[in-house]
Amino acid sequence: MSRNDIERIREKIRLNQYDMSAHAMAEMAEDSLTILDIEEAMANGQIIRLEKDDPRGTKYIIVGTAKEGKTPVGIVGRFTTSARYLIITVYEVTELEA
């Protein structure tokens, strides 16, 4: 995994060039996470895995820490054809991910 990938994603977040799916919004609410938690986790997180089997593009699985500095947050997203970043789902990490 390229360090360039995480920097590219972080730039999209900084520039507000990202979207969240309805599923991601629902999961965020279910896990009592806020948009600030998601943005912070992406800013301090790392790509832990790539999933290349989706015809719509590579999915990046990022794990970082929420705004309060303790809660581990997982984010799954991909770049879209419009050069935006789409957050597909988010979740509180409850098990160690490999």
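Every number here is computed from the coordinates shown, using simple stated rules; none is lab data. Here the structure is a predicted model, which is why all the values come from computation and not from measurement. Here Cβ is always computed from backbone atoms with ideal geometry, including for glycine, and neighbour counts include all displayed protein chains.
Mean residue ellipticity at 222 nm, helices only, the chain: -9500 deg cm²/dmol; runs of at least 4 DSSP H residues each add -39,500 (n - 2.57), and the sum is divided by the number of residues.
Dipole check for the chain: with +1 at the C-beta of Lys and Arg, -1 at the C-beta of Asp and Glu, and the Cα centre as origin, the magnitude is about 500 Debye. Other residues whose C-beta falls under 14 angstrom from the C-beta of E68 contribute a net charge of -3, scoring Lys and Arg +1 and Asp and Glu -1. For K52, which lysines qualify as cross-link partners when the Cα separation must be under 22 Å and same-chain residues fewer than eight apart are set aside? Of all the lysines, those that pass the test against K52 - Cα under 22 Å, at least 8 places apart if same chain - are K12.
Counting only DSSP beta bridges with both residues in the chain, what percent are antiparallel, rounded to the nearest 5? If I count the DSSP bridges inside the chain, around 85 percent turn out antiparallel. Within the listed set D53, D31, D19, the Gaussian network model of the chain (springs between alpha-carbon atoms below 10 Å) gives the highest mean-square fluctuation for D53.
Given an 8 Å cut-off on Cα distances and at least 6 residues of separation, report the relative contact order of the chain as a percent. Relative CO of the chain lands at 29 percent. Note on semi-axes √(5λ) of the Cα gyration tensor in Å: of the candidates [x] 19, 15, 14; [y] 24, 17, 15; [z] 34, 15, 7, the value calculated from this structure sits at [x]. Taking GluC sites (Glu not before Pro) across segment 3-98, the ones in a DSSP loop with at most 13 further Cβ atoms lying within 10 angstrom of their Cβ are E68, E95, E97.
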